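Heads up, the thing below is written out as structure tokens.
The values are calculated or read from the model by the stated rules, or taken from the named source; none is laboratory data. Every value quoted in this text rests on a predicted model; they were computed, and no experiment measured them. Counting neighbours? That spans all protein chains shown, and the Cβs are built from the backbone with ideal geometry, glycine included. Heavy atoms of the whole protein, side chains included, go into the accessibility calculation; ligands, DNA and RNA do not. Shrake-Rupley method; radii C 1.70, N 1.55, O 1.52, S 1.80 Å.
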Amino acid sequence: MKEQMVNYKGRVWHPQCFVCAQCFQPFPEGVFYEFEGRKYCEHDFQVLYAPCCNKCGEFVIGRVIKAMNTSWHPSCFHCQLCDAPLADIGFVKNMGRALCRECNAKEKASGSGKYVCHKCQ
């Protein structure tokens, strides 16, 4: 009878030896994350290394938006006034809020009672 083996990056492992570096359990469906040369199951990787999204509270895997001293999923980072997505257009911090440039200009104008020059905003 032939023994089953796991082949990863040209190295061969017994299935019972190819396990999570944290919980020492085999990887469900063979899915794992590698960080600094160590392999982790999804749960342990998230608990140890993945930031939590400030809006939805879920772990952020993949692209992380770092803004206003916290982390966000790109799909969760929106203007706090008009709800426009901010991940790819940038934002302005206004009184602790993440705003798109247009909403920031409106806020500045309403606060001063004046129009705001497009170049100066």
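Worth pointing out:
- Heavy-atom surface of the chain, accessible at 1.4 Å and reported per residue (Å²): 72 Å²
- Taking every alpha-carbon pair under 8 Å whose residues sit at least 6 apart, the chain reaches a relative contact order of 10 percent.
- Intensity falloff of segment 1-44 expressed as log10 I(q)/I(0), Debye formula with alpha-carbon point scatterers, at q = 0.20 Å⁻¹: -0.61
- The loop-placed GluC sites (Glu not before Pro) in segment 19-121, going by DSSP, that have at most 12 neighbouring Cβ atoms within 10 Å of their Cβ come out as GLU36, GLU58.
- Among the chymotrypsin sites (Phe, Trp or Tyr not before Pro) found in segment 1-105, those both in a DSSP coil and sparsely packed, with 11 or fewer other Cβ atoms within 10 Å of their Cβ, are PHE24.
- Take the Cα of HIS14, step 7 Å toward its Cβ, do the same at CYS56, and the gap between the two points is 4.1 nm.
- Note on the chain: the alpha carbon radius of gyration divided by the globular reference 2.2 N^0.38 Å gives 1.67.
- Segment GLN4..ARG38, full-extension length gain: 10.0 nm, with 0.36 nm per residue of separation and the alpha-carbon distance subtracted.
- Taking segment 7-69 and dividing mean pair separation by its residue count, relative contact order in percent (alpha carbons under 8 Å, at least six apart): 18 percent
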